[in-house]
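J.: One structure is given below, represented as structure tokens, and several questions about it will come after.
The values are calculated or read from the model by the stated rules, or taken from the named source; none is laboratory data. Everything quoted here is computed from the prediction, not taken from an experiment. Because the Cβ atoms are built from the backbone with ideal geometry, glycine has one as well, and the counts that use them run over all protein chains shown. Accessible surface areas use protein heavy atoms only, side chains included; no ligands, DNA or RNA. Shrake-Rupley method; radii C 1.70, N 1.55, O 1.52, S 1.80 Å.
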Amino acid sequence: MGRTFTESGRRAQIVQAAIEVVAELGYAKASFSRIAKQAGLSSTGMISYHFAGKDDLMHEVVAEVTRVTAGFMAPRVAAAEGARARLRTFIESNVELLTVCPQHLKALIEVLPNLGGDDPTNVGYQASMQQVMESQEQAVRAAQEAGEFREFDPRLMLVALRGAIDAVVMRWVGDPTFDAAAAGRELADTFDRATRAEP
């Protein structure tokens, strides 16, 4: 049986409240009572009705963050023309997420390390990221064959790029005054120079 519109709306309300509480207080302090209060619910029973437990709720938090971030980035990258423009858009839009949906990213940073290695949420997220990496690697190889990118190890470059973006995110988390947009532009310039074909 599918969920009713009301049930789906209530679940979404709880997930959003969970994102806000985790982002503000951290994973450990994100109790059902705090989440219920944030969602404007009279008791935690409504959360327990919709979710089997905290792990189940956090699964939906990760899924929602993934949906929101992909929904923001994907159309922007798809609209960019050429491999170099797509690379720049990917980097800048990734960093732009810090200002567009800061609570979502903070929640993700809190939730993922607290999931066990064999937790389905963690396993599913890692598998999803692996699929993204493989898709990006294919795109890089195609750009190399088309002469838009120089010859280099695509996987190594993508790992370096992911690490650089993660470093920007972690610096932003620790320093509210950090200019993430400027960092995004600088990263885009750096990786454009590192990947583009020689003139």
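J.: Suppose we filter the range 180-199 for residues that are touching a strand residue (DSSP E or B) at 6+ places or on another chain (Cβ under 7 Å) and small (Gly, Ala, Ser); how many remain?
T.: Final tally of qualifying residues: 1.
J.: Another question, then. Show the residue pairs that are 6+ apart or on different chains and have beta-carbon atoms under 9 Å apart, the first residue being within the range 93-112 and within 11 Å of residue 72 (Cα to Cα) and charged (D, E, K, R), the second being in a helix (DSSP H, G or I) and open to solvent by 20 Å² or more (accessible area, probe 1.4 Å).
T.: Sorted first by the residue in the range 93-112, then by its partner, the pairs are 96/72; 96/73; 96/76; 96/181.
J.: Contact list please: Cβ distance under 8 Å, first residue in the range 35-61 and outside any helix (DSSP H, G or I), second residue buried (at least 17 other Cβ atoms within 10 Å of the Cβ) and at pLDDT below 90, pairs at least six apart or on different chains.
T.: Within 8 Å, no pair qualifies.
J.: Would it be correct to say that residue 30 is open to solvent by less than 20 Å² (accessible area, probe 1.4 Å) and either outside any helix (DSSP H, G or I) or among the acidic types (Asp, Glu) (or both)? Walk me through how you get there before you give the answer.
T.: On the way: open to solvent by less than 20 Å² (accessible area, probe 1.4 Å): yes; either outside any helix (DSSP H, G or I) or among the acidic types (Asp, Glu) (or both): yes.
Against the criterion (open to solvent by less than 20 Å² (accessible area, probe 1.4 Å) and either outside any helix (DSSP H, G or I) or among the acidic types (Asp, Glu) (or both)), residue 30 qualifies.
J.: Could you list, in sequence order, all residues of the range 70-89 that are in contact with an Asp or Glu (Cβ under 9 Å, 6 or more places away or on another chain) and surrounded by 14 or more Cβ atoms within 10 Å (Cβ to Cβ)? Steps first, please.
T.: The first filter runs over the range 70-89 and keeps only residues in contact with an Asp or Glu (Cβ under 9 Å, 6 or more places away or on another chain), leaving 72-73, 76, 82-84, 87-88.
If the condition is that a residue be in contact with an Asp or Glu (Cβ under 9 Å, 6 or more places away or on another chain) and surrounded by 14 or more Cβ atoms within 10 Å (Cβ to Cβ), then 72, 73, 76, 83, 84, 87, 88 are the ones that fit.
J.: Scan the range 141-199 for residues that are in contact with a Leu (Cβ under 6 Å, 6 or more places away or on another chain) and either farther than 19 Å from residue 88 by Cβ or open to solvent by 30 Å² or more (accessible area, probe 1.4 Å) (or both) and jot them down.
T.: The answer is 172, and nothing else.
J.: Select from the range 34-69 the residues that are small (Gly, Ala, Ser) and loosely packed, with under 13 Cβ neighbours inside 10 Å and write down the one among them that is farthest from residue 129 (Cα to Cα).
T.: Among those that are small (Gly, Ala, Ser) and loosely packed, with under 13 Cβ neighbours inside 10 Å, it is 42.
J.: Which pairs do you get when a residue that is touching a residue at least 12 places away in the same chain (Cβ under 8 Å), found in the range 172-190, comes within reach of a residue that is among the aromatic types (Phe, Trp, Tyr), reach meaning Cβ atoms under 7 angstrom, with the pair 6+ apart or on two chains?
T.: 172/178; 180/172
J.: Filtering the range 136-178 down to residues that are of a type in the set (Asp, Glu) and modelled with pLDDT of 95 or more, which residue is farthest from residue 106 (Cα to Cα)?
T.: Among them, the one singled out is 145.
J.: Is it fair to say residue 73 is under 19 Å from residue 115 (Cβ atoms) and in a helix (DSSP H, G or I)?
T.: On the way: under 19 Å from residue 115 (Cβ atoms): no; in a helix (DSSP H, G or I): yes.
In short, no.
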